[in-house]
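Derivation of every value follows stated rules applied to the coordinates shown; laboratory data play no part. All values derive from a computational prediction rather than experimental measurement. Using ideal geometry, Cβ is built from the backbone for each residue, glycine included, and neighbour counts are taken over all protein chains shown.
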Amino acid sequence: MTKDVQTGRIVFQREIPIRHDVDVFIAGGGPAGVAAAVAAGRQGVSVFLAEGHSCFGGMGTAALVPAFMPFGDDVNFLAAGVGEEILDRLHEAGGTGPNYDPKNKSSRSIGIKVEVLKRVYDELVCDAGVDFTFQTVLIGVEADAGRVTAAICAAKSGIFAVKANIYIDCTGDGDLAAWAGAPFEKGDEQGNLMPGTLCSLWTNVDFEAWEKSGLPHQSARLEDAFKDKVFTHHDRHLPGMWPVSENIGGGNIGHTFGADGTDERSLTNALVWGRKSMLEYERYYKEYLKGFEKMELVATGSLLGLRETRRIMGEYVLCLDDFQSRAVFDDEIGRYSYPVDIHPAGADDANFEKYKDGWENLRFGPGESYGVPYRCLVPRELANVLVAGRCISADRYVQSSVRVMPGCYITGQAAGAAAALAVENDTDTRSLDVAELQCRLLKMGAYLPNTGADS
């Protein structure tokens with residue numbers, strides 16, 4: 001190790017072992033990573049998945065996001081295939097909230113029992129024959145002439161390399177693709193990002209009393225609380241608390257404004273503030289709303305709930321025009337329908353009204369959806385990398401729709417299937433036969449009504 005006093009930098013060099021040499025490497029085991037691993041593993045290719053946390057699931061488990069957004073468009077089940085299998089297994093294991101209706105599973109948000117979902121993910125990935133380790137963080141990428149040659153990971157046992165034919169970035173932040181040289185966008189034109197939320201679990205909640213209170217939403221008395229100086233920030237956007245079980249609520253409450261998920265210092269500040277802000281929300285719920293008078297905080301997420309960081313620019317950028325036109329693509333790998341949901345960047349009236357306008361007006365009716373083309377999973381300037389999850393190639397409008405967990409199942413499943421197909425045919429991610437990919441996705445149960453592919 002050598003040190004340059006003038007620049008304040010050091011040169012750090014090590015020989016490290018190649019611990020895994022596989023067909024497919026997946027960085028990140030959130031919903032997209034799980035779907036990609038299961039899809040690829042079931043096709044018989046060798047897969048290694050590195051997950052930085054202690055469980056699969058990311059936002060829906062470690063971050064305690066309390067509910068799935070709708071899996072479908074109120075007519076069609078869009079996150080079909082691996083996504084539907086996850087939901088069905090979760091319900092069979094007793095892991096869905098009390099309001100879940102298995103006869104109408106395409107239209108409503110669905111409460112999540114976190115510990116059950118962790119086990120469902122464990123079983124699915126293990127059954128698919130996927131090799132994986134938790135507490136394993138991607139820390140670097142080696143690339144040459146547009147091809148990734150190794151992923152560098154760090155774990156308790158030390159630093160090691162993974163070599164693969166195809167690399168799938170399911171980090172949520174686009175770490176692997178960005179570090180390999182793919183172009184990306186981040187936030188709006190001024191660099192503003194959607195705020196995060198430190199989600200939470202609360203016990204002793206009487207949801208029946210809340211329903212009988214007559215208030216239209218849990219945000220109904222925020223103005224009274226603002227006048228009484230309950231809150232540090234006058235944040236009018238309160239997604240609320242979902243029933244996870246009969247008397248346990250999952251809180252998607254509060255925002256960490258200014259949080260940047262690609263900066264550990266920003267994340268640290270956001271986590272500290274998020275835990276402190278729970279005291280303000282506890283007072284609000286207890287003193288201003290019926291049914292929450294005896295509630296008690298059980299836990300906050302061990303990960304911050306993040307909504308956006310990098311968007312990796314791919315061969316196609318899915319945009320607002322595509323959303324509004326209910327676009328159909330020749331290379332569709334799925335369709336989705338969640339509304340545009342760009343959370344306000346600040347706790348002021350102008351940001352809230354902008355959010356509200358999008359949420360109320362950029363949404364679909366029953367049976368309507370937009371297509372997601374395969375090209376959105378293919379980063380520019382890289383030949384053997386795919387992206388899935390909230391960092392796919394889209395503008396901010398569509399990213400705010402497809403970023404939720406059912407959308408991640410759709411893109412993850414497609415990335416895993418595409419990676420296996422590329423390995424089998426010894427081709428890069430741009431040259432694979434998309435019609436064959438669509439056939440494979442149909443065999444997995446994917447919802448692809450607009451393709452000419454034959455399952």
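Only helices reaching 24 angstrom along their own axis (Cα) with mean Kyte-Doolittle hydropathy no lower than -0.5 count here, and for the DSSP H runs of the chain these are 405-425. Distance from the C-alpha centroid of segment 206-240 to that of segment 76-130: 30 Å, rounded to the whole angstrom. Here segment 354-389 and segment 252-283 have alpha carbon centers that stand 27 Å from each other.
Take 321-332, 384-395 and order them by the average number of nearby Cβ atoms within 10 Å per residue, most first; the result is 384-395, 321-332.
Shape class of segment 26-71 from the alpha-carbon gyration tensor: oblate, with a/c at 1.5 or above and b/c at least as large as a/b. The packing ranking of peptides 139-145, 63-69, 291-297, highest mean first, is 63-69, 291-297, 139-145, where packing means the average number of other beta carbon atoms within 10 angstrom of each residue.
Putting +1 on Lys and Arg Cβ atoms and -1 on Asp and Glu Cβ atoms, find which of Tyr397, Phe364, Ala350 reaches farthest to the positive end of the dipole of segment 350-455. So the residue we want is Ala350. Packing, as the average of other Cβ atoms within 10 Å across residues, places the peptides 9-17, 114-122, 198-206 in the order 198-206, 114-122, 9-17, highest first. Each label was represented as a point 7 Å from its Cα along the Cα-to-Cβ direction; for Phe226 and Asn204 these points are 3.0 nm apart. Checking every one of the GluC sites (Glu not before Pro) in segment 177-220 against DSSP loop status and a limit of 10 other Cβ atoms within 10 Å picks out Glu189. Rg over Rh for segment 141-290 works out to 1.12, using Cα positions for both radii and the Kirkwood form for Rh.
Which percent, to the nearest 5, of DSSP beta bridges fully inside the chain are antiparallel? Rounded to the nearest five, the antiparallel share is 70 percent.
Computed over all pairs of different Cα atoms, the Kirkwood value for the hydrodynamic radius of the chain is 22.4 Å.
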